[in-house]
Amino acid sequence: CRFVSQFLRSLINAILLTTGGWSSFLYRACVKPSAMTLFSVIVTEKSHIIALSQLTVVFALGLFSKFLGKSSGVTRFLISFNLVVIGLMLGQTKKGFDSIKEYKEAFESRGINPQLLNQSRSGQSIMMSMLLSLLPFGSIISKKINKSKGSYANIKEVDPYLAEVDRKTPKGIKALNSNIGRGRRAQWLTFEILRGDHIKEKSSVPVLVYIHGGAWIVGDKMFALRPTLEYLAATQNVVIVTINYRLAPEAEYPAQLIDSKRAIAWVKQNISKYGGNPKQVAVAGESAGGHLAAMVALTGNDERYQPDEDPEADTSVDLCIDIYGVHDFLAGEGEHIGKVGRQKSGLTILAENLLLRDSVKINESRFSEASPTSIMKQELDKDEQSGKEVPPILIIHGDKDVLASELDSKRFYSSLKEFRYATNSPVKDIFVNISGGHHGFGYVKSPRAVSTAHAIAAFMNHHFYGIRTPNSRM
């Protein structure tokens with residue numbers, strides 16, 4: 001019995017030390033997110049599950065404390081420490097619920113009815129959806145989503161060289177590419193359509209073309225903000241088209257932008273077969289996809305970026321939703337992915353080496369032309385206004401983002417406001433600062449994913465339908 005007691009003490013002490021380390025790791029992730037960006041997304045979006053697990057640990061510590069003998073002081077310390085972590089996690093969960101208030105306040109400040117964010121075809125309240133998003137298993141919604149896949153262009157026709165490289169690539173390398181999020185090159189010009197069961201082929205509802213993120217070098221349409229988009233498709237009057245595009249470094253910019261426009265041209269010519277309205281097309285994206293969405297919005301029908309096979313195609317959009325996107329490749333030290341060098345951000349280094357494959361010092365104009373903020377500034381600096389039309393833009397960015405600078409999004413928003421003022425435009429763009437939001441929120445099922453879906457729907461409903469939303473229930 002004595003041996004068993006000592007063994008149990010040793011085992012429990014080992015578990016407690018491990019638990020203490022885990023708690024410390026979680027604490028660092030909350031307090032110093034820059035040190036562990038990707039993990040911080042899980043901490044903030046799934047904080048309620050972590051809090052529950054820590055509560056279980058506290059219960060176990062109390063239950064087995066009688067076996068610890070002289071280690072009771074350590075037990076009390078670990079219980080206290082874990083209680084602090086539980087408090088931190090519950091605070092993060094509350095911030096997730098508060099995101100709907102932040103959206104409503106931002107919308108109301110720009111003259112948009114905040115009650116639009118409450119609307120849903122499912123008849124399920126937004127608060128109930130947020131609560132369901134906390135469950136570790138199951139879906140937020142019970143509605144069926146219809147999915148259709150296809151290609152908006154032929155890779156052999158668009159990029160014969162890339163198609164040939166793909167054909168000669170060994171299967172093992174293709175499998176590796178798929179595992180790291182690059183997929184097969186032959187599938188880089190494909191799409192998937194998401195629509196709720198309530199959307200019929202004879203319907204005519206707004207369309208959202210969604211461009212995935214991934215630093216322009218990885219990512220796939222199958223993973224782009226999936227919980228957010230599936231919830232949006234199931235509960236709102238919208239047809240969603242998620243697209244793939246050619247990735248860097250194999251495809252040099254502006255191939256990614258041109259492919260996005262190819263997809264929009266395809267949507268306008270074909271989406272009516274799926275219940276979408278080709279005259280009501282919005283574009284959206286997160287991170288690198290946010291950059292491309294903004295570029296699509298600012299360069300509608302610009303001949304420099306039109307598809308070669310159809311230069312007269314309509315590639316303009318009516319709305320843009322830019323989620324923690326990138327807007328300035330010339331940003332200085334300390335912005336975007338940290339301090340790299342004395343005058344360049346990590347993002348500029350990435351753009352030089354992989355995306356544009358050029359030097360800022362030698363060819364700064366290329367980087368400027370690929371930067372939404374610079375495009376707006378150039379438009380403002382012209383002696384005479386060109387009559388450029390810029391659709392309404394909703395910008396969403398978390399204040400804890402350390403990959404794409406929140407300051408960068410604020411600058412882009414400021415340039416938009418200056419442009420609207422200079423052109424006497426009645427259009428009111430919206431910037432939403434998400435408290436506690438990290439780069440990547442929306443990729444996992446959470447209250448923020450729900451509120452973001454409602455914000456996207458409200459923005460589209462306001463501009464396409466006005467105050468009300470047809471066939472929707474509060």
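The values are calculated or read from the model by the stated rules, or taken from the named source; none is laboratory data. None of these values were measured; they are calculated from a predicted model. Neighbour counts are summed over all protein chains in view; Cβ atoms, including those assigned to glycine, are modelled from backbone coordinates with ideal geometry. Ligands, DNA and RNA are stripped out before the accessible areas are found, and what is left, the full protein with its side chains, is counted by its heavy atoms. Shrake-Rupley method; radii C 1.70, N 1.55, O 1.52, S 1.80 Å.
Here the contact order of the stretch 141-284, divided by its residue count and restricted to Cα pairs under 8 Å and six or more residues apart, works out to 31 percent. Ranked by solvent-accessible area (1.4 Å probe, protein heavy atoms only, all chains present), the residues 286, 108, 252 order from largest to smallest as 108, 252, 286. For a modelled paramagnetic label at residue 105, 7 Å from Cα along Cα-to-Cβ, the residues of the stretch 434-458 in reach, with backbone nitrogen under 18 Å, are 434-438, 448, 451-452, 455. Near residue 442, the amide H atoms lying under 5 Å from its own belong to 449; only residues 5 or more places off or on other chains count, and H is placed 1.01 Å from N. The Cα atoms of the stretch 105-218 cover 54, 35, 32 Å along the three principal axes, with the biggest extent listed first.
Give the calculated FRET efficiency between residue 173 and residue 201 to the nearest 0.05, with a Förster radius of 45 Å applied to their Cβ-Cβ distance.
Efficiency, from the Cβ-Cβ distance: 0.65.
Here the Karplus curve 6.51 cos²θ - 1.76 cosθ + 1.60, taken at θ = phi - 60°, turns the phi angles of the stretch 360-373 into couplings of 4, 5, 8, 9, 4, 4, 4, 5, 5, 5, 9, 10, x, 5 Hz, with x standing for Gly and Pro. Modelled this way, with points 7 Å down the Cα-to-C-beta line, the labels at residue 187 and residue 380 are 4.3 nm from one another.
Please work out how much length the chain gains when fully extended from residue 314 to residue 389, using 0.36 nm per residue of separation minus the C-alpha to C-alpha distance, in nm with one decimal. Intermediate values should be presented prior to the final figure.
Values: separation 75, 0.36 × 75 = 27.00 nm, distance 1.41 nm.
The span from residue 314 to residue 389 would gain 25.6 nm if fully extended.
Legend: residues 352, 250, 105, sorted from most to least accessible area (1.4 Å probe; ligands, DNA and RNA excluded), read 105, 250, 352. The local environment of residue 418, defined by Cβ-Cβ distances under 10 Å, has a net charge of +2 under the rule Lys, Arg +1 and Asp, Glu -1. Measuring only protein heavy atoms, the 1.4 Å probe finds residue 128 accessible over about 90 Å².
Distance between the modelled labels on residue 128 and residue 407, one decimal in nanometres: 4.5 nm (7 Å Cα→Cβ projection).
Ignoring solvent entirely, what values of log10 I(q)/I(0) come out of the Debye formula for the stretch 265-316 at 0.16, 0.25, 0.28, 0.30 Å⁻¹ when each Cα is a single scatterer? Listed by q, the Debye log ratios stand at -0.52, -1.04, -1.11, -1.13. Taking all protein chains together and a 1.4 Å probe, the residues 134, 356 rank 134, 356 from largest to smallest accessible area.
Other residues whose C-beta falls under 12 angstrom from the C-beta of residue 275 contribute a net charge of +2, scoring Lys and Arg +1 and Asp and Glu -1.
For residue 112, the solvent-accessible surface computed with a 1.4 Å probe is close to 10 Å², ligands and nucleic acids excluded. Electrostatic tally near residue 249: other residues with Cβ closer than 13 Å to its Cβ, Lys and Arg +1, Asp and Glu -1, net 0.
Each Cα pair under 8 Å and six or more residues apart adds its separation to the average, and for the stretch 182-241 the resulting relative contact order is 52 percent. The Kirkwood hydrodynamic radius of the stretch 158-253, based on inverse pair distances between different Cα atoms, is 14.7 Å.
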